[in-house]
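J.: Below is one structure. I have some questions about it.
No lab work stands behind these numbers, since they all come straight from the coordinates. Predicted model, so just to flag it, every value in this text is computed and none were measured. Cβ placement follows ideal geometry from the backbone for every residue including glycine, while neighbour counts extend to all protein chains displayed.
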Amino acid sequence: MTRTKFSRFGTSHQTSWDWRAAGNFICGGAGSSLLAGSVAAAFPEAPDWRVLLAALLLIGAGLVFVWTEIGRTWRAFNVLFHPQTSWMTREAYVAALTGALVAGWAFTGIAPLAHAAGLAALLFLYCQARILKAARGIPAWREPAIVPLIVATGLVEGVSLLVLIATAQEVPSSALLAALTALAVLRFASWLRYRARMDASDMPPVTRRVLDSVSRGMLWVGTVAPLAAAGLTLAVPAIAPLAAVAALVAGAHFKLQLITRAAQVQGYALGNKLRRGHPLTMKPGAAEATAR
Amino acid sequence: MTRYVMVADLNRCVGCQTCTASCKHTNATPPGVQWRKVLDVEMGEYPNVERLFMPVGCQHCSDPPCMEVCPSTATGQRKDGIVTIDYDICIGCSYCAVACPYQARYKVEEPRFAYSSGPTETEAIRFDEGRIGVAQKCTFCADRVDAGLAKGLTPGVDPDATPACANACIANALTFGDLEDPDSNVSKLLTDNTWFRMHEDLGTDPGFYYLWEEK
């Protein structure tokens, strides 16, 4: 039963995209920002080819997740047909461009190709964010504040991976840890803005409950823990991976929850603008007064 | 110009689901897929409770979010406003389904029939492999509309040129017609009655109008 006459009703969890779609956002976000971050860290040189390969594999893994989810897998290349308006098409093109640029750099050794791949990877991350925003049927996704949040989350994931890679080789630089903490704070700020916008909207109750639980993870695991661990690294360098793992896990958890649990559909509602008159001859703004 | 729309009179609808049944019969949709359905809506809190029945389905928006996001161009829009899906192009990514604010789209991954023993004779004849693994939704019975127009009939007036749901409605609650024609049945209904459209704030410009006289 709807509580008021114009309340939304009939909301339920979307069943169209599952953990595989979340996998694309997690792997694609981490891979693209790992690529961009490694290019930035090595600039003006080209980064280690193994890092670029790992980044491409992550992006590719995300796309494979999506490929396994579509209904007609052998028509997958039809995804390229609509770059005019579809962010999914644009994401596919940018992924191909990123791969081509890395391949070009690998064959020629021309560093600017790797730099361009880094920029393309950032564009890929942006496309992922816009994919969610364009889903007008899901209140938790269409909120415009989702775009900076997804981008910030991706950047944190990428830098976290860089910290882990650096730890495997030596102690990560203080600049890298500073970047991680700064991005973690930026992500939390984006999260607060997103939450505020969602709280001000008529979001479904289930979405609110899921976002409440994500809030705790974002604060303690995604922000406080990385900041504390990064600070302690000054005294105990071996603790650096904890900062990265915490930041990484919080971001992946957020995306998984966003896709698989917070994504309630719009539902139905009676329109609260009751009008009288032919729709094509009505003057804008003059309509509602006739009815109530 | 032509702009086909549907008008649903909430004061007339009795929730009999005849439109739902006629849609399923006409379009041979499998169990669980309802291109047209009627919601039983209860509003308010005891003892101030109201109840109404609300037909829903694809709203054939002028600015359809499903078409905007579709990566394969399978979702299209005809000049008369009817939103279509090309089953031969669709990749079944379901992006349209999450973009639609009206829960109008379905994807069936494997053949489904009414009984576990297999398809009935009718189901076997009418089964369409092309609809498996792709998006599907109400078409406003575009094939009926086109066939009727080819015979010189008027959609919304002549049953052979009118969507099955509107034909079947026992309460005359569903009316189909051309919004651009000021003399059409839908134009007259909208001119003479109060109406709303669902989720207008999302900017979809839906082609589904609900007549409602608040009591």
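J.: From the set of residues in segment B:95-104 that are surrounded by 24 or more Cβ atoms within 10 Å (Cβ to Cβ) and within 8 Å of another protein chain (Cβ to nearest Cβ), which is farthest from B:ASP205 (Cα to Cα)?
T.: The selected residue is B:TYR95.
J.: Just checking, which of B:GLY203, B:GLY133, B:GLY118, B:GLY152 is within 14 Å of another protein chain (Cβ to nearest Cβ), surrounded by fewer than 14 Cβ atoms within 10 Å (Cβ to Cβ) and at positive phi?
T.: On the way: B:GLY133 fails: surrounded by fewer than 14 Cβ atoms within 10 Å (Cβ to Cβ); B:GLY118 fails: within 14 Å of another protein chain (Cβ to nearest Cβ); B:GLY152 fails: within 14 Å of another protein chain (Cβ to nearest Cβ).
Of B:GLY203, B:GLY133, B:GLY118, B:GLY152, the one residue that is within 14 Å of another protein chain (Cβ to nearest Cβ), surrounded by fewer than 14 Cβ atoms within 10 Å (Cβ to Cβ) and at positive phi is B:GLY203.
J.: Additional query: Here are the criteria: (1) more than 8 Å from chain A (Cβ to nearest Cβ); (2) without any contact (Cβ under 8 Å) to a residue 40 or more places away in the chain; (3) in contact with a strand residue (DSSP E or B) (Cβ under 7 Å, 6 or more places away or on another chain). Tell me which single one B:PHE176 does not satisfy.
T.: Condition not satisfied by B:PHE176: (2).
J.: Condition test on A:ARG187, is it touching a helix residue (DSSP H, G or I) at 6+ places or on another chain (Cβ under 9 Å) and among the basic types (Lys, Arg)?
T.: yes
J.: Then there is this: It is to be established whether one or more residues within segment A:89-107 are over 15 Å from the mean Cα position of the chain (by Cα), away from chain B (no Cβ under 14 Å), farther than 18 Å from A:LEU56 by Cα and not aliphatic (A, V, I, L, M).
T.: No, the conditions are met nowhere in segment A:89-107.
J.: Confirm whether A:ALA145 is free of Cβ contacts under 8 Å to residues at least 40 places away in the same chain and either crowded, with 18+ Cβ neighbours inside 10 Å or under 30 Å from A:PRO205 (Cα atoms) (or both). I'd like the intermediate steps shown before the answer.
T.: Numbers: free of Cβ contacts under 8 Å to residues at least 40 places away in the same chain: no; either crowded, with 18+ Cβ neighbours inside 10 Å or under 30 Å from A:PRO205 (Cα atoms) (or both): yes.
No, not satisfied.
J.: Just give me the residues in segment A:250-269 being more than 8 Å from every other protein chain (Cβ to nearest Cβ) and among the polar types (S, T, N, Q), in sequence order.
T.: A:GLN257, A:THR260, A:GLN264
J.: Now a separate question. Do any residues in segment B:26-48 that are touching a residue at least 24 places away in the same chain (Cβ under 8 Å) have Cβ atoms under 7 Å from those of residues that are among the small types (Gly, Ala, Ser) and in a strand (DSSP E or B), where the two are at least six apart or on different chains, and which pairs are they?
T.: B:TRP35/B:GLY57; B:ARG36/B:GLY57
J.: Restricting the search to segment A:64-93, which residues are buried (at least 19 other Cβ atoms within 10 Å of the Cβ) and among the aliphatic types (A, V, I, L, M)?
T.: If the condition is that a residue be buried (at least 19 other Cβ atoms within 10 Å of the Cβ) and among the aliphatic types (A, V, I, L, M), then A:VAL66, A:ILE70, A:VAL79, A:MET88, A:ALA92 are the ones that fit.
J.: Within segment B:54-74, count every residue that is more than 9 Å from chain A (Cβ to nearest Cβ) and not hydrophobic (A, V, I, L, M, F, W, C).
T.: Residues flagged as more than 9 Å from chain A (Cβ to nearest Cβ) and not hydrophobic (A, V, I, L, M, F, W, C) within segment B:54-74 amount to 7.
J.: Please go through segment A:30-51 and give me each residue that is of a type in the set (Gly, Ala, Ser) and surrounded by 24 or more Cβ atoms within 10 Å (Cβ to Cβ), ordered by number.
T.: Filtering segment A:30-51 down to residues of a type in the set (Gly, Ala, Ser) leaves A:30-33, A:36-38, A:40-42, A:46.
A:ALA30, A:GLY31, A:SER32, A:SER33, A:ALA36, A:GLY37, A:SER38, listed by residue number.
J.: So which of A:LEU280, A:LEU256, A:LEU192 ends up being without any contact (Cβ under 8 Å) to a residue 40 or more places away in the chain, surrounded by fewer than 22 Cβ atoms within 10 Å (Cβ to Cβ) and within 18 Å of the chain's Cα centre (by Cα)? Before you say what the answer is, go through the steps one by one.
T.: On the way: A:LEU280 fails: within 18 Å of the chain's Cα centre (by Cα); A:LEU256 fails: without any contact (Cβ under 8 Å) to a residue 40 or more places away in the chain.
Testing whether each residue is without any contact (Cβ under 8 Å) to a residue 40 or more places away in the chain, surrounded by fewer than 22 Cβ atoms within 10 Å (Cβ to Cβ) and within 18 Å of the chain's Cα centre (by Cα) leaves just A:LEU192.
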